[in-house]
Each structure stands twice: as structure tokens, then as C-alpha cells.
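Single-structure report; data block below.
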Amino acid sequence: TRNNSSYGTVEVVGGAAHKYDSLVTIKAVPNPGYRFANWEGSSSDAVYEFKISSIHDTTFKAIFEPEDYHVTIQANNPVMGSLNYATGMYAYGTQLYITAAPNPGYTIEGWEYQPSAGTSATVAYNVQALDHDTVFQVNFKPIQYMVTTYVADGDGSVSPSASPVDYQ
């Protein structure tokens, strides 16, 4: 048996029925995103051989666990804003709803994520089902303000009369 059928399967080499005093091989085969942990109460080898030495049914339970993936969650410049998650190990299938909070004077330019290529200019990034090591980076940028200058009463000139200025 196994702890969850979606985590993996158990194969009995040569079929399920074996004779007394025969050698039996069972294999634990994890599904993608899971790893074999151990046989309940015994070996941690995925392929397990044992000799039938009793005259009753025998049950072995394969324990599978979700794989862990390293997720890097970062900002291009932490002075410009913050994130609600930290870099760390997260289990297969974990859903992350990563949000970014720009500090005053800054805005979100977009998200980058690897190994997939892509960007999004939203405040949050929703990871539906984590299935590999990855890097998420939010890119903050200063808000630009337009500064307009002029000379009172028309005597003289200013150059340039208007220009964008980054928040500092």
C-alpha cells in the first residue's frame, strides 16, 4: 500500500502472489514532485527484497513525501520596497501569493521569474503549483515627477522649462 495514491505507486515484481519461502521484490515509484521516504516500519531503500517466512498476508506501506524546491524571492533594490515571502525551501505543489509593497516614492516596474521567462507589472504574483527551483524578483523603480520651471514676469529664460525627475 502507499500513504497517498497521487504521491506514487508500489510495484510487486513478478505479481502479487508468491509462495512460502520465496524471495519477493517490491518497488516504490514516486510520481513527479514526490520522493520515496521509507517503507513504514522498515527499510528506506526504494527497492526492497524480503523472504516470505510466514503463512499470512503481509502488508508493506510506502511513504512518499513532496519534493522540496529552493525558491529565491527578492527585490532588485530592497530600499525601494518589500515582499511578503522570504527565500527558502517550499514543498511541491505549494501555492505562493507573493505581494510586493513599494515604499513611498517608488512603484513596481514588473516581475521576473526563472527558469521561465516572463514579466508582469502587478503588485502580486500567484504561484499556482510549485514544481521546480525558481527565482522570483520584483523590480521597483522610482516614480518620476515632472518639474516645470519658469521665470516670473517674463524677464529671462529657463532651460529646459520642464524635465522629469526621479524620486530620491
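The values are calculated or read from the model by the stated rules, or taken from the named source; none is laboratory data. Source: prediction; values computed, not measured. Neighbour counts are summed over all protein chains in view; Cβ atoms, including those assigned to glycine, are modelled from backbone coordinates with ideal geometry. All accessible areas refer to the heavy atoms of the entire protein, side chains included, with ligands and DNA or RNA removed. Shrake-Rupley method; radii C 1.70, N 1.55, O 1.52, S 1.80 Å.
Give the residues of the stretch 1-27 that are more than 25 Å from the chain's Cα centre (by Cα), open to solvent by less than 50 Å² (accessible area, probe 1.4 Å) and among the small types (G, A, S), sorted by residue number. Break it down stepwise before answering.
Here is the first cut: in the stretch 1-27, the residues more than 25 Å from the chain's Cα centre (by Cα) are 1-2, 10-27.
From what is left, the residues that are open to solvent by less than 50 Å² (accessible area, probe 1.4 Å) are 10, 15, 22, 24-26.
Across the stretch 1-27, the qualifying residues are G15, S22.
For H70, are the conditions met, namely being out of contact with any Pro (no Cβ under 6 Å at 6 or more places or on another chain) and either among the acidic types (D, E) or modelled with pLDDT under 90 (or both)?
On the way: out of contact with any Pro (no Cβ under 6 Å at 6 or more places or on another chain): yes; either among the acidic types (D, E) or modelled with pLDDT under 90 (or both): no.
When the stated conditions are applied, H70 does not pass them.
Filter the stretch 66-99 down to the residues that are open to solvent by less than 40 Å² (accessible area, probe 1.4 Å), closer than 23 Å to K141 by Cβ and either small (G, A, S) or under 9 Å from the mean Cα position of the chain (by Cα) (or both) and list them by number.
Of everything in the stretch 66-99, those that are open to solvent by less than 40 Å² (accessible area, probe 1.4 Å), closer than 23 Å to K141 by Cβ and either small (G, A, S) or under 9 Å from the mean Cα position of the chain (by Cα) (or both) turn out to be T72, A75, G81.
So in the stretch 47-59, with the set limited to residues that are open to solvent by 40 Å² or more (accessible area, probe 1.4 Å) and either part of a loop (DSSP other than H, G, I, E, B) or modelled with pLDDT of 80 or more (or both), which one is nearest to G93 (Cα to Cα)?
The extreme case among them is T59.
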